[in-house]
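Chemist: One structure follows; several queries about it will come next.
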Protein chains: 2
Amino acid sequence: MEDLQRARDLEIPVEEETSPSQTVRFRWSDLQVLGQMAQTYILAQTDDEFYMVDQHAAHERVVFERLMKNFKEGKIPQQSFLLPLSLDFPQEDVENLLAAKEDLEKMGVCVEQAGPQTLAVTSIPEVIKESGVVRALELFAEQLSRESGSFAVERAIADIFASMSCHSVVRAGQALSKEEMVSLLEQMDEFPFSSFCPHGRPVYVKKSFAQIDREFGRTL
Amino acid sequence: MEDLQRARDLEIPVEEETSPSQTVRFRWSDLQVLGQMAQTYILAQTDDEFYMVDQHAAHERVVFERLMKNFKEGKIPQQSFLLPLSLDFPQEDVENLLAAKEDLEKMGVCVEQAGPQTLAVTSIPEVIKESGVVRALELFAEQLSRESGSFAVERAIADIFASMSCHSVVRAGQALSKEEMVSLLEQMDEFPFSSFCPHGRPVYVKKSFAQIDREFGRTL
């Protein structure tokens, strides 16, 4: 359920034109990284603003946006397993997932039947982890089962991708090197800034130096 | 005028007993320094809190508290000048300052007359800069002149010390190394934490990780 909520929070980015002024206005990679707080937030600054970036939410957005972009372009880079990943499900779920085989392939996930209650996952999208696809298949099976086959795959894609993203990315509580933090911010520039506007769980919180100065009584 | 306001903000610490529980409760030097923001604030954390420390206000408190402590103990470490510092004032100010020579000495400032409109400063408190004592003498002369000699020195000491501190310490807009930030926090431990409680211009602003997590929607 948390995954569904998360998908709604993330939202599928609206196809919108980014004006040149918007694209030059802000780049995550222009932020100067100051440090990591609570092994959860990247602290950074511009010339006049202080940023806290939620490392998990930020990475999640990056992976999610990449999946959505590739999906729309009909090309999700896949990695094939040398040895297929064998996953057990209730028999009904296996049947439902196999019936949705083609839809899963569009999402970069290739499955074969390996037994009445076993699926063999032969490839997954490059940008996600095994753990991400396992949780996504469980979620997908759950939805297929609940909606008795009439499930609209298109509507579910953001949910599935959000689940994959959430379970594939850097977590809170993970120490990041300065290089890793800089790299994450750079990756955030791959997508229009507009798609990162906070709705639901915010990726970042910022405060102007002027505002901070006021809190410290530095200015009137 | 800013100096007077500042003195009131700083306040003379009340002689209070610090219970053992208070002294073990919090040490500035236990903060883990994360970085410096806007060349003005030290960013730091404990296990569960995020701190922004105003480097100027913090250093000001340290110098001010040291001056007050030494003054109360009747021993302000002085540095004597090889060549006295020569300062020009209106003749009336020179006379007033010389009349208050003894009080100035208690504050660590030794002056001699060097001319009708000139004072020679032969020593100043160790913890302050020349620029600090110049501004303090100007302020003191201004007060002596305004209160026509009936000026109560005792009442003015905090003002003078605050002025000395303010003009002697690290400013906002000055890059600090990690070592310098750690050293400043260590110096803040020389005095009871209670004397640093924010009145007027706060030395620090803190926020719990739990609060930050809530702002990011990480917890309900």
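The values are calculated or read from the model by the stated rules, or taken from the named source; none is laboratory data. None of the values given here were measured: they were computed from a predicted structure. Here the Cβ positions follow ideal geometry from the backbone for every residue, glycine too, while neighbour counts run over all protein chains shown.
Chemist: Is it true that some residue in the range B:50-66 is more than 14 Å from chain A (Cβ to nearest Cβ), in a strand (DSSP E or B) and of a type in the set (A, V, I, L, M)?
Modeler: Scanning the range B:50-66 turns up no residue that is more than 14 Å from chain A (Cβ to nearest Cβ), in a strand (DSSP E or B) and of a type in the set (A, V, I, L, M).
Matching residues to (1) outside the structural domain of residue B:144 (by TED's automatic domain parsing); (2) of a type outside the set (Val, Ile, Thr); (3) farther than 19 Å from residue B:182 by Cα:
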site: B:37; (1), (2), (3): yes, yes, no
site: B:46; (1), (2), (3): yes, no, no
site: B:51; (1), (2), (3): yes, yes, no
site: B:85; (1), (2), (3): no, yes, yes
site: B:100; (1), (2), (3): no, yes, yes
site: B:106; (1), (2), (3): no, yes, yes
site: B:113; (1), (2), (3): no, yes, yes
site: B:118; (1), (2), (3): no, no, yes
site: B:122; (1), (2), (3): no, no, yes
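Chemist: Can you name every residue in the range B:192-220 that is at pLDDT 90 or above and out of contact with any strand residue (DSSP E or B) (no Cβ under 8 Å at 6 or more places or on another chain)?
Modeler: Listed by number, the residues that qualify are B:210, B:211, B:213, B:214.
Chemist: So is residue B:133 aliphatic (A, V, I, L, M), at pLDDT 80 or above and not assigned by TED's automatic domain parsing to the domain that holds residue B:53 or not?
Modeler: Considered against the rule, which asks whether it is aliphatic (A, V, I, L, M), at pLDDT 80 or above and not assigned by TED's automatic domain parsing to the domain that holds residue B:53, residue B:133 comes out as yes.
Chemist: Does the range B:82-98 include one or more residues that are among the aromatic types (Phe, Trp, Tyr) and either within 22 Å of the chain's Cα centre (by Cα) or surrounded by 21 or more Cβ atoms within 10 Å (Cβ to Cβ) (or both)?
Modeler: No, because not a single residue in the range B:82-98 is among the aromatic types (Phe, Trp, Tyr) and either within 22 Å of the chain's Cα centre (by Cα) or surrounded by 21 or more Cβ atoms within 10 Å (Cβ to Cβ) (or both).
Chemist: Would you say residue B:66 is in contact with a Cys (Cβ under 9 Å, 6 or more places away or on another chain), crowded, with 16+ Cβ neighbours inside 10 Å and either assigned by TED's automatic domain parsing to the domain that holds residue B:38 or not aliphatic (A, V, I, L, M) (or both)?
Modeler: Spelling it out, it is not the case that residue B:66 is in contact with a Cys (Cβ under 9 Å, 6 or more places away or on another chain), crowded, with 16+ Cβ neighbours inside 10 Å and either assigned by TED's automatic domain parsing to the domain that holds residue B:38 or not aliphatic (A, V, I, L, M) (or both).
Chemist: Take the residues of the range A:23-49 that are part of a strand (DSSP E or B) and among the aliphatic types (A, V, I, L, M): which is nearest to the other protein chains (Cβ to nearest Cβ)?
Modeler: A:34
Chemist: What about residue B:62, is it under 13 Å from the mean Cα position of the chain (by Cα) and not hydroxyl-bearing (Ser, Thr, Tyr)?
Modeler: Considered against the rule, which asks whether it is under 13 Å from the mean Cα position of the chain (by Cα) and not hydroxyl-bearing (Ser, Thr, Tyr), residue B:62 comes out as yes.
Chemist: Okay, moving on. Answer with yes or no whether residue A:181 is touching a helix residue (DSSP H, G or I) at 6+ places or on another chain (Cβ under 8 Å), modelled with pLDDT of 80 or more, assigned to a helix (DSSP H, G or I) and within 14 Å of another protein chain (Cβ to nearest Cβ).
Modeler: yes
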